[in-house]
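J.: Have a look at this one.
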Amino acid sequence: MSAPNTRQLVAGMVGGGPGADIGKTHRYAMRLDGHYDLRAGIFGRDPGSSREIAAGLGIPEDRNYADIRDMARAEAAREDGLDLVVVATPNDSHFTIARTFLEKGISVVCEKPLTQDSATAAELVRIAGENNAILAVPHCYSAYAMVRQAARMVRNGELGSIRFVDVEHASGWAATALEELDHKQAKWRTDPDVAGFPSVVGDLGTHAFHLLRYITGLEAERLSGRLQTFVPNRRVFDNATVELELTGNVPARVWASMAATGHNHGLRIRVYGEKGSLEWQHEDPHHLKVQDLAGAATILTHGLSTLHDDASRLTRVGLGHPEGFLEAFANFYSDLAEVLRARRDSTPLPERELSFPTGIDGLIGVQFVEAVAASHHDDSAWKVPAFALEKSVPEQSALKQSAPEQSALKKAVA
Ligand SMILES: NC(=O)c1ccc[n+]([C@@H]2O[C@H](COP(=O)([O-])OP(=O)(O)OC[C@H]3O[C@@H](n4cnc5c(N)ncnc54)[C@H](O)[C@@H]3O)[C@@H](O)[C@H]2O)c1
């Protein structure tokens, strides 16, 4: 029997140039568990800065590219070419970049929102499938240990049947006109050509909506949305409230804002069942508050030996030691690495439920944005999102990756 392949997965990146926000988080997270070796990339639009960053990261000169087509072609032809490329650029370029690599059979982690419209998002899902490539979307909040605990508790029926879900990603980061101060991230997030008019829904609403779907396992059957612009002269919507009816007529509420004055990150979810409720907040990610019918509260803590395996397996440094955003991102990358390795080495896939969000989850996010915008334009009329019309969520969604249900993914990674 041949020895198992221990070679690291070879990763590339497009984006993450000087002063960029999320690219460096991807780089830190990929290093944390040692699964990936970053060997190629285009680190921003400016070739000079891209070269500097590549040199600092130890990337060989000939693998610091100037053009995505050259990068995809050259990497696909190399024996030690990319197993994965990370797309960490603003939203308007996701489709072209992701497509270029997927068409060459290179798996892609593409930032959210996956694309600017559901036709192109569906196209990416199709191209990934046709080329036996994995498409993943880093809705990283679902990779926190205590979120996995919450999802497992709901699946196990520990709250009883779900009655109501309330989720908000209401941040105050752009409660003033930062875009007028030349703030890099605010500039493109308030440009409708790059971020779309419902900018805050794509940016923060998709995270909140994914968290809701992930923890409850429920899908939106219909929704009614209302969009506002709080900051004068802003060209996109910076606040959104959405009422939803989930599977089984369960009511839910999503609030997404980048202008929630005074809030920091502002991500919080509360799930109410017939036997109890739970609450998780991103700014206190170590704790999951569970309350019973009588109102008694139990605070579950990251690292406790009594957590479900879905959560306890994600503890690196043990009870009492803080872990956070980078570790959650690393959890996403570690789960993805298991699938990429199985694909590369023809080894069995891990039998694991509650894994990483896929292109299908990204597509559902884009369809959510479209449904909210359509509802707003029709005076908040109830709309049926495209994924509910299609009636079944395709198998590659993270929510569908329970052990007996992995056949589609197995096919995609065979
Ligand atoms: N998952 C998360 O938690 C999370 C958090 C923040 C941002 N994001 C998403 O990540 C993406 C990037 O956001 P950001 O805040 O880091 O943006 P940013 O403006 O800070 O950085 C974008 C980087 O991409 C580079 N870039 C742009 N077009 C390029 C191209 N064609 N080729 C190569 N490089 C290019 C820019 O030069 C810059 O270095 C967005 O889609 C955003 O929605 C996700």
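Only the coordinates and a few stated rules stand behind these numbers; no lab work does. Computed from a prediction, not measured in an experiment: that's the story for all the values here. Positions of Cβ are generated from backbone atoms using ideal geometry, with glycine treated the same way; all protein chains shown enter the neighbour counts.
J.: Net charge around D191, counting only other residues with Cβ within less than 11 Å of its Cβ (Lys, Arg = +1; Asp, Glu = -1)?
T.: Value of the local net charge: +1.
J.: If you add up the charges near G15, with Lys and Arg at +1 and Asp and Glu at -1, over every other residue whose beta carbon is less than 11 angstrom from its beta carbon, what do you get?
T.: Net charge in that neighbourhood comes out at +1.
J.: For the chain, what is the mean residue ellipticity at 222 nm derived from helices alone (per DSSP H run of n ≥ 4: -39500 (n - 2.57); sum divided by total residues; nearest 500 deg cm²/dmol)?
T.: -10000 deg cm²/dmol
J.: Return V250, V242 ranked ascending by Cβ neighbour count within 10 Å, so the fewest neighbours appear first.
T.: Ordered from fewest to most neighbouring Cβ atoms within 10 Å, V250, V242 come out as V250, V242.
J.: Where the centroid of each part is defined by its Cα atoms, how far is the stretch 89-163 from the stretch 302-328 in Å?
T.: Taking the Cα centre of each part, the stretch 89-163 and the stretch 302-328 sit 23 Å apart.
J.: Seen from all sides and averaged, what is the projected area of the convex hull of the Cα atoms in the stretch 315-370, in nm²?
T.: Over all viewing directions, the stretch 315-370 projects a mean Cα-hull area of 5.7 nm².
J.: State the Cα centre-to-centre distance between the stretch 358-381 and the stretch 208-270 in whole Å.
T.: 11 Å
J.: Using only the alpha-carbon atoms of the stretch 89-219 as identical scatterers, what base-10 log of I(q)/I(0) does the Debye formula give at q = 0.12, 0.19 Å⁻¹?
T.: The Debye formula, applied to the Cα set alone, gives -0.59, -1.12.
J.: Right, here's the next one. Please compute the length gained on full extension between K289 and L57, using 0.36 nm multiplied by the number of residues separating them and subtracting their Cα-Cα distance.
T.: 79.5 nm
J.: With point charges of +1 on the Cβ of Lys and Arg and -1 on the Cβ of Asp and Glu, referenced to the Cα centre of the stretch 114-196, which listed residue (Q116, G196, A136) lies farthest in the positive direction of the dipole?
T.: Final value for the positive-end residue is A136.
J.: With θ taken as phi - 60° and the coefficients 6.51, -1.76 and 1.60, list the Karplus ³J(HN,Hα) couplings across the stretch 310-320 in order, rounded to whole Hz; mark glycine and proline as x.
T.: The phi angles translate into 4, 9, 5, 5, 9, 8, 8, 10, x, 3, x Hz.
J.: Based on the alpha-carbon set only, what is the convex hull volume of the chain divided per residue, in Å³?
T.: Enclosed volume per residue, from the Cα hull, is 146 Å³.
J.: Okay, next question. Where Rh is the Kirkwood radius over the Cα pairs of the stretch 160-237, the temperature 4 °C and the viscosity 1.567 mPa s, what D in µm²/s does Stokes-Einstein return?
T.: The calculation lands on 92 µm²/s.
J.: What size of dipole, in debye to the nearest 20, comes out for the stretch 332-382 about its Cα centre when the only charges are +1 on Lys and Arg C-beta atoms and -1 on Asp and Glu C-beta atoms?
T.: The calculated dipole for the stretch 332-382 is roughly 360 debye.
J.: Could you order the peptides 198-209, 13-24 from most to least packed, using the average number of other C-beta atoms within 10 Å per residue?
T.: The most tightly packed comes first, giving 198-209, 13-24.
J.: Related question: Can you give me the long-range amide H partners of L38? Hydrogens built in the peptide plane at 1.01 Å from N, cutoff under 5 Å, separation of 5 or more residues or another chain.
T.: Amide H neighbours of L38: A11.
J.: Something else now. Helix by helix through the chain, keep the DSSP H runs that span 20 Å or more along the axis on Cα and average at least -0.5 on Kyte-Doolittle, and give those back in order.
T.: Within the chain the helices that satisfy the rule are 325-345, 359-377.
J.: Is the C-alpha gyration tensor of the stretch 218-332 telling us rounded, prolate or oblate? Criteria: a/c under 1.5 is rounded; beyond that, a/b larger than b/c is prolate, otherwise oblate.
T.: Oblate, since a/c reaches 1.5 and b/c is not below a/b.
J.: Let me have the relative contact order for the chain, percent, based on Cα pairs under 8 Å that are six or more residues apart.
T.: Normalised by residue count, the contact order of the chain is 18 percent.
J.: Of S224, S257, S161, which is the most mobile in a GNM of the chain whose springs link Cα atoms less than 10 angstrom apart?
T.: S161
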